[in-house]
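Quick note: the coordinates plus some simple rules give every number you see, no bench work behind them. On a predicted model such as this, the values are computed, not experimentally measured, just so you know. So basically every Cβ, Gly included, is an ideal-geometry build from the backbone, and we count neighbours across all protein chains shown.
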Amino acid sequence: MLLPSLLGNESIKRAFSGPDGPDSACIILSGPRGSGKRTAAFDIAMGLLCTRSPAPCGRCGACIRMKAGSHPDYELFNPEGGEIKVDAVRALRARSFIRPSEAARKVFVINAADKMNPQSQNALLKVLEEPLSTVFILLCENSEALLQTVRSRSIHYRLQPLDAAQLCGILSQRFPQAGEAAVRQAAEDSGGYLGPAADILSGAQTETDALAGSFAAALGRDELSVFSCCMDASRLSRDDYAQFCDALCRRLAGLVRQGTPDPGLLLSLYEYVEKQKYQTAFNASVTALSGALAAFCGDNLKHSWRNT
Ligand SMILES: [Zn+2]
């Protein structure tokens, strides 16, 4: 199977390169917002439903219906990415029992699968335990939020950042009016992911991304601004706080790559923020997390503030 629309991610493409794709009824695709999860899932679904070889051919009736959004054996579940209630999963389960209309199997893509609570995941688990002609593709930013029992029945692939040259090339084509320096900076600040980089260049940056940018810019320069960013972060919803952690990690990785006098400090902050993101999956309080982040910065970064 080919994944023609997915950029980069050669290791995932290699894993799917066999004639039948991977041998599992459940595939987890994880990665930050804008990393290509939906694109990869669409390619995989089209490959599984295509009637020719190598799949997807892009020209058979199944491929044409997929591109038109009208294939009867394909479903994108929870496209808006909200909370997934157990009743909705039960209804999805019931639909998975119905025979495919025209293909040999059905493909259900569950968007924001990390928004399933344990009850919802257990409902899904019941389907995964029975051999059916349905392939599930779970998309999530935080795979740690999935139950171990779900993960153990799945094959898990993480979307990887694009290399800087490839990302800059794509951005320059999409944003011809943006200067070379702006493109390079957006590629750097996005951590190598096309979605956030395009948001930065199109001015559609999310509030959480902008806040992570202010936080990173204040590091090592302005203690008060860091604390004020932590205050702003304390008002975010838990989901947005998780996105803030993601965006901040991307910025910190960028700062380390650019070269900093004390990368150890930034790396310890990176690990701390990553741990906080993990905690958001377990219902940690955003007020407590943002307060702890401010305290961590106060304790650990004072040294660099004093020297500047
Ligand atoms: Zn086809």
Practice problem: May I ask which of Lys13/Lys85; Lys37/Lys115; Lys13/Lys115; Lys85/Lys277 have a Cα-Cα span longer than 25 Å here? | Solution: Lys13/Lys85; Lys13/Lys115
Quiz item: Beyond 18 Å, what percent of the Cα pairs of segment 157-206 remain?
Solution: 18 percent
Exercise. Work through the residues other than Lys115 whose Cβ is under 9 Å from its Cβ and net out their charges, Lys, Arg +1 and Asp, Glu -1.
Key: -3
Quiz prompt | Dipole magnitude of the chain about its Cα centre (Cβ charges: Lys, Arg +1; Asp, Glu -1), debye to nearest 20 | solution = 840 debye
Self-check item: Ellipticity estimate at 222 nm from DSSP helix runs (n ≥ 4, -39,500 (n - 2.57)) divided over the chain, nearest 500
Solution: -17000 deg cm²/dmol
Quiz item: Packing-wise, with mean Cβ within 10 Å as the measure, how do 248-255, 47-54 rank, highest first?
Solution: 248-255, 47-54
Quiz item: Which whole-Hz ³J(HN,Hα) couplings does segment 286-292 yield from phi under the Karplus relation 6.51 cos²θ - 1.76 cosθ + 1.60, θ = phi - 60°, glycine and proline marked x?
Solution: 5, 4, 5, 5, 5, x, 5
Quiz item: Running Debye on segment 10-158 with equal point scatterers at the Cα sites and no solvent, what base-10 log of I(q)/I(0) appears at q = 0.09, 0.12, 0.15 Å⁻¹?
Solution: -0.25, -0.45, -0.73
Exercise. Post the alpha-carbon centroid distance, segment 239-308 to segment 203-229, in whole angstrom.
Key: 11 Å
Quiz item: So what are the three principal axis dimensions of segment 116-213 from its Cα atoms, in whole Å, longest to shortest?
Solution: 54, 28, 17
Quiz prompt | Square roots of 5 times each gyration tensor eigenvalue, C-alpha, the chain, largest first, Å | solution = 38, 24, 15
Quiz item: So how much slack lies between Gln185 and Asn117, counting 0.36 nm per residue of separation and subtracting their Cα-Cα distance, in nm?
Solution: 20.7 nm
Quiz item: Considering amide H positions built from the backbone, and no H for Pro or chain starts, which residues 5 or more places from Met116, or on another chain, come under 5 Å of its amide H?
Solution: Ile84
Quiz item: Tell me, what HN-Hα J-couplings in whole Hz come from the Karplus equation 6.51 cos²θ - 1.76 cosθ + 1.60 at θ = phi - 60° for each residue of segment 149-162, using x for Gly and Pro?
Solution: 5, 6, 4, 6, 9, 10, 9, 10, 10, 9, 6, 9, x, 7
Quiz item: Going by alpha carbons, how many degrees (0 to 90, nearest 10) lie between the helix axis of 37-49 and the longest principal axis of the chain?
Solution: 10 degrees
Quiz prompt | Compactness of segment 206-306 - radius of gyration and Dmax, Cα, Å | solution = 12.3, 36
Self-check item: Cβ crowding within 10 Å averaged over residues, with 66-76, 284-294, 234-244 ranked highest first
Solution: 234-244, 284-294, 66-76
Quiz prompt | From phi via Karplus (6.51, -1.76, 1.60), per-residue ³J(HN,Hα) for segment 244-256 in Hz, x at Gly/Pro | solution = 4, 4, 4, 5, 5, 4, 4, 5, 5, 4, x, 4, 5
Practice problem: Return one number: the angle in degrees, 0 to 90 and rounded to the nearest 10, between the long axis of the Cα atoms of helix 118-129 and the longest principal axis of the Cα atoms of the chain. | Solution: 40 degrees
Quiz prompt | Order by protection proxy (mean Cβ within 10 Å, highest first), peptides 155-163, 110-118 | solution = 110-118, 155-163
Self-check item: Pairwise centroid distance, computed over Cα atoms, of segment 49-91 with segment 102-134, Å
Solution: 13 Å
Self-check item: Cα-projected label distance for Arg90 with Glu129, points at 7 Å along beta-carbon direction, nm
Solution: 1.6 nm
